[in-house]
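**Student:** Please find one structure pasted underneath; my questions will follow.
The values are calculated or read from the model by the stated rules, or taken from the named source; none is laboratory data. What you are looking at is a predicted structure, and each value in this text was computed from that prediction instead of being measured. Glycine also receives a Cβ, built like all others from the backbone with ideal geometry; neighbour counts cover every protein chain displayed. We work out accessible area using only protein heavy atoms, side chains counted, and drop any ligands, DNA or RNA first. Shrake-Rupley method; radii C 1.70, N 1.55, O 1.52, S 1.80 Å.
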Amino acid sequence: MSGTAPMRLLVAAAPASASDAISRELLALGALDSVSVRELDATWKDKLRPDKTETTEEGAGELRKRVEGFFQLVRGAPEIRKPDTAGDPVDLAAASRVVEEVSESIAASRERQKVLQDELLRLEEMRKQVSARFSATAGELGKGASGFLSVRAGTVSRKALPRLEAELASMPVALIARPPDQGERVDSIVMSLKRDERSLEPALARAEWQPAELASGSPANRDEALKGIEAKAETLRAAQRAAAAGVETAITGRTVELSELWTRLRVDELAASIRAGFSSTERAVLFSGWIPASLRAATEAALERASGGTCVIEWHEPASGEARRLSAPVQLRNPRFLDAFQGLVTNYGTPEYGAVDPTPFVAVSYLAMFGLMFGDAGHGLVVALVGVLGLLRAKKRGRKTALFELFAWCGLSAMIAGALFGSWFGLPLTRALWFDFHGVVAGENALGGPVRDVYGILGISIKFGMAVLVLGILLNWYNLIRLGRWRALLVGKHGLAGGWIYIAGAWIAFGFVESGYRTLPPGPVLAALLGPPVLLLGLAPPLEHLEKRRHGEAKGFPVGIFLLEWAVELLEAFSGYLANTLSFMRVAGLGIAHATLMGAFFAIADMVGGRLSVAGVAILVSGNVLVIVLEGLSAGIQALRLNYYEFFSKYFTGTGRAYRPISLEGTGK
Amino acid sequence: MPSRIGTYAFLAARLRTRIGKLLPDERLEEIAKAATVDEALLLLRGTRYEVLAAPWNASGDLRAVEAALRSMEIDMHAELRRDREEPLRSFIDALAQRLEAANLKDALRLWFDARFRGGDMSVRSGYLHRATVVHPVDLDAVLEAADAEALAAALAGTPYENVAAAEAGRAVAAGSLFELELALDRLHFKLLFDAMKALGPVDRKVAERQVGLEVDLTNLAWLVRFRAYGGMGAKEALARLIPWGAPLDAKAISAAWETGNLSEAVGGMLGDRGLQVLAGGGGNELSRLSLIERALRELGLVEARKLLSGDPFTVGVVLAYLRLEREEMARVRTGLGAARYGAGAARAREAS
């Protein structure tokens, strides 16, 4: 039976000088679920102090997050090479300088962008002023001149014109020049915001500007002004894009350095988090934590290396010695292909240490339930394909794959069920290996077989449910035996008494059904079957009370309360088991709904011109999609509910503590 | 008038879902502690504020981000009023008018600065929200106005016309927009109370209580500011308050005005919460002002949250939603500002 991995509590002492090396070796091992030594014995609290480190978890972590932030800015991730836990700690001051250098490069690029943005906004303001103040056709000067727009007409020296153009290129100014074929002077119009007039004076002076009344043949051309402004704006936008690219370059240009820094900071951060659990005296350091029993030898070797053979080590079994006040963490060890189902289990809770690992059972029960509710090979194929394609895509993008793995498994289960029921997209394309589900639901039953009507399908789901519930009860017995909880095993609702009631009740019920709902077993038989377990259940409250009295937590012997609790317990047991069993009828219900929906879509397709007509094909395709999505979702959710509520409630407490070692694989938190 | 359940059943569920998605305090604190705006915006990835990264990446200008944030807030009001029937629709418009007035105030400051102080409005005017919020305010006409008369003419056809006609000339003469801005704030509350009159009796009661509280808190904040910055007497200050709030003890205010302990008097009016906040403050009146304003803001938030535990089929859920969203956006804005200028978490919290 698959259980949780055996754990051992490590308690060790070593010279304080070896503290750093020990933390790094333990990090490399990646197996320590740290426990503070001061938790082991309350008297140690005052005698020990936390182990001081130069590199704190917060300090290294803060810098590490900032480096990660740089990579996120460029939508990347650090290229993590094999971390070297044996290296020297990072000089945080130097690391901080590197981070600040990158940060300053980015800030400089942003500042440049902002300066360009201000210029762009000025140009935009000019553009608005020019557009608003000049008509499209006349382009005449002076008319409707804006309060903020300055328009100057004059002439400049032909020789100085190129220099003037160059000087004004970077300013929010529009220069319209009309060089004549001959002549030294060029008619020009300068448009700017009034605020910028003074700053233009030097450039105009150098170009030998002379104000002039322009001849009518020298119009101020609004469109040319706007074109000039747009050209400048485009230059600024290009410069802004280049500045934005500078942000990326500041990071991508130092990818290797930043990746290495990230890795070293991460190592230091994790080593510091391990040392955070250490306690020290003047010259020694003490530490403790849970390690899987299978790694005991490797741990001892690592500590010997780190401490030069001076480390003193003790190992304790769970619930004994120094570990008696602690709860051992739980490590689930399942093959990789069960990861999706392990996720379903841990989503509910963590099993208690020493109890059975529900994962393989959930894998079987969940897939069986899904298959029974979604039994169509064609639909299963689609779901499986979605799962496989999604899985490949998620792997490529480095994303989680559990959901797509589940899709793939569910698809496979549905394909197997579809083969058993002879159903491919609702059509009997192959002979049913078990019984023709669709035929039975449709009342045709053309092929006959072991199931002839929906009552037969309901019967299968009830029997399936009973098998699941009995399995749950048996797993509970196993757990109770392993954990030594004898009282619960004997008189608990899901112990021997409860299981006896359920199995006896099932036998009675089947007999009643087979008799045509007429005859129950004779009274003495009923009494013999149900009497003992009912009496056993009645022992539960007084036994619990006696246990509490032994620990001084209760007084007296309230018989009335016991009787009341017994009655309630009986009611809960009978009604609970009955309800749990009948709950599995939803398996039949969803399977029947699946078949019925397909039948309805076929009927509609027939009504619109036949299944092979254009309309018919459209209806069948959309119908299949709808059924896959809706029924698939329903079946998945209901299977989960049946596992979580009906199955787990028999044996799974979910009160365990997950094993979280501090390792380079994850954060260990 | 449509039934309250018909009006609010779906709306309340939708707004409560959104309230449930507000950013936790820890995230807002982290944003304020971020070393740079880029790092702060990374913290907003995966939230509805991640759209703020686009204007920042394009321009490197925090003002572009703030403009985007303002547009988000305006769009939020617009989305809320869509598909709403009267009188709720008009009430939401009246609430949104606060943003329109804030936008107009920004435009007026630019206009005043450019017209009368030779300032450059070309850069900041690019970030004004030009689309209609509630009324068709032509901000370009406002910015182009040659004088006070032209300003009033530019605002013709809007509720701001009369305010501009009454106050713009005085503002130019005084060289300060102070009175004009106060008048705009009073106008906002007037429009709000006018819109409330059309609400049903239950909604009106809830709205009057909540908006009345906001008036009270605004008045108290104004009093403290007038004393600290305004250089005016108690009588002048009291005359400028918004008229729809709870009556204030004029004698106590005047007495505290003379002694310079106004922040303590106001703290006393806030009850235990105000005095608690002041107990942790310094002796400087300005720092106590800052504490008072924080207390007032927190009171407003507490009252907004109380609305959520009341009758779900009232305008209270709309008021609570808008108040809480406003607070979150203000904190995001301030956090980004703190990241830009390296102010750190404590100052950012104080300033927001």
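**Student:** In contact (Cβ under 8 Å) with a residue 12 or more places away in the chain, under 26 Å from B:Gly60 (Cα atoms) and of a type in the set (A, V, I, L, M, F, W, C): which single residue out of A:Met171, A:Met191 fits that description?
**Tutor:** A:Met171
**Student:** Considering A:Gly390, A:Gly371, A:Gly418, which residue is touching a helix residue (DSSP H, G or I) at 6+ places or on another chain (Cβ under 6 Å), surrounded by fewer than 18 Cβ atoms within 10 Å (Cβ to Cβ) and assigned to a helix (DSSP H, G or I)?
**Tutor:** Result: A:Gly390 is the single residue among A:Gly390, A:Gly371, A:Gly418 that is touching a helix residue (DSSP H, G or I) at 6+ places or on another chain (Cβ under 6 Å), surrounded by fewer than 18 Cβ atoms within 10 Å (Cβ to Cβ) and assigned to a helix (DSSP H, G or I).
**Student:** Still on this model: Does B:Glu100 fit the bill of being surrounded by fewer than 17 Cβ atoms within 10 Å (Cβ to Cβ) and part of a helix (DSSP H, G or I)?
**Tutor:** When the stated conditions are applied, B:Glu100 does not pass them.
**Student:** What number of residues within the stretch B:57-75 are open to solvent by 10 Å² or more (accessible area, probe 1.4 Å), at the interface with chain A (Cβ under 9 Å from one of its Cβ atoms) and either touching an Asp or Glu at 6+ places or on another chain (Cβ under 8 Å) or polar (S, T, N, Q) (or both)?
**Tutor:** 1
**Student:** Looking at B:Ala345, B:Ala330, B:Ala320, B:Ala338, which is the one that is at pLDDT below 80 and among the hydrophobic types (A, V, I, L, M, F, W, C)?
**Tutor:** B:Ala345
**Student:** Turning to a different aspect of this structure: Can you say whether B:Ala156 is in a loop (DSSP other than H, G, I, E, B), open to solvent by 20 Å² or more (accessible area, probe 1.4 Å), away from chain A (no Cβ under 14 Å) and modelled with pLDDT under 95, as far as the supplied structure shows?
**Tutor:** Answer is yes for this residue.
**Student:** Kindly indicate which of B:Ala250, B:Ala234, B:Ala295 is at pLDDT 75 or above, crowded, with 18+ Cβ neighbours inside 10 Å and under 26 Å from B:Ala183 (Cβ atoms).
**Tutor:** Details: B:Ala250 fails: crowded, with 18+ Cβ neighbours inside 10 Å; B:Ala295 fails: under 26 Å from B:Ala183 (Cβ atoms).
Only one candidate passes the filter, namely B:Ala234.
**Student:** Evaluate the stretch B:125-140: report whether one residue or more is in a helix (DSSP H, G or I) and of a type in the set (A, V, I, L, M).
**Tutor:** Checked against the condition, which is being in a helix (DSSP H, G or I) and of a type in the set (A, V, I, L, M), the stretch B:125-140 yields at least one hit.
**Student:** Only residues that are without any contact (Cβ under 8 Å) to a residue 60 or more places away in the chain, of a type outside the set (A, V, I, L, M, F, W, C) and assigned to a helix (DSSP H, G or I): list them for the stretch A:463-488, please.
**Tutor:** Result: A:Lys463, single match.
**Student:** Cβ-Cβ below 8 Å, separation at least six or inter-chain, first residue in the stretch A:498-522 and at positive phi and touching a residue at least 12 places away in the same chain (Cβ under 8 Å), second open to solvent by less than 30 Å² (accessible area, probe 1.4 Å) and part of a loop (DSSP other than H, G, I, E, B): which pairs?
**Tutor:** Sorted first by the residue in the stretch A:498-522, then by its partner, the list stays empty.
**Student:** Taking A:Leu164 as the residue in question, decide whether it is outside any loop (DSSP other than H, G, I, E, B) and within 14 Å of chain B (Cβ to nearest Cβ).
**Tutor:** no
**Student:** Residue pairs, Cβ under 9 Å, 6 or more apart or interchain, first in the stretch A:607-618 and at positive phi, second surrounded by 13 or more Cβ atoms within 10 Å (Cβ to Cβ). List them.
**Tutor:** A:Gly609/A:Ala615; A:Gly609/A:Gly616; A:Gly610/A:Gly616
**Student:** Just to be sure I understand, how many residues within the stretch B:128-153 are surrounded by fewer than 21 Cβ atoms within 10 Å (Cβ to Cβ), within 10 Å of chain A (Cβ to nearest Cβ) and either under 22 Å from the mean Cα position of the chain (by Cα) or within 22 Å of B:Ala64 (Cα to Cα) (or both)?
**Tutor:** Qualifying residue count, the stretch B:128-153: 1.
**Student:** Also, I was wondering about something else. Could you give me the residue pairs with C-beta distances under 7 Å whose first residue belongs to the stretch A:249-268 and is free of Cβ contacts under 8 Å to residues at least 40 places away in the same chain and more than 15 Å from A:Glu100 (Cα to Cα), whose second residue is among the basic types (Lys, Arg) and open to solvent by less than 30 Å² (accessible area, probe 1.4 Å) wherever it lies, and which are 6+ apart or on separate chains?
**Tutor:** none
**Student:** For a quick check of your reading of the model, give me the residue pairs whose first member lies in the stretch B:126-149 and is closer than 20 Å to B:Gly169 by Cβ, whose second is among the aromatic types (Phe, Trp, Tyr) and modelled with pLDDT under 90, with beta-carbon atoms closer than 9 Å and at least 6 apart or on different chains.
**Tutor:** That search, which allows pairs on different chains as well, returns B:Leu143/A:Phe148; B:Glu144/A:Phe148.
**Student:** With over 30 Å from A:Arg75 (Cα atoms), more than 14 Å from every other protein chain (Cβ to nearest Cβ) and free of Cβ contacts under 8 Å to residues at least 60 places away in the same chain as the only criterion, which of A:Ala276, A:Ala212, A:Ala284 stands out?
**Tutor:** The conditions single out A:Ala212.
**Student:** State all residues of the stretch A:234-289 that are assigned to a helix (DSSP H, G or I) and either touching an Asp or Glu at 6+ places or on another chain (Cβ under 6 Å) or acidic (Asp, Glu) (or both); if no residue qualifies, say none. Break it down stepwise before answering.
**Tutor:** Start the filter on the stretch A:234-289 by keeping residues that are assigned to a helix (DSSP H, G or I), which leaves A:234-252, A:255-275.
A:Glu234, A:Leu236, A:Glu248, A:Glu257, A:Ser259, A:Glu260, A:Asp268, A:Glu269, A:Ala272, A:Ser273, A:Arg275, listed by residue number.
**Student:** How many residues are more than 17 Å from A:Leu626 (Cβ to Cβ) and not in a helix (DSSP H, G or I) when one looks only at the stretch A:564-610?
**Tutor:** The total comes to 3.
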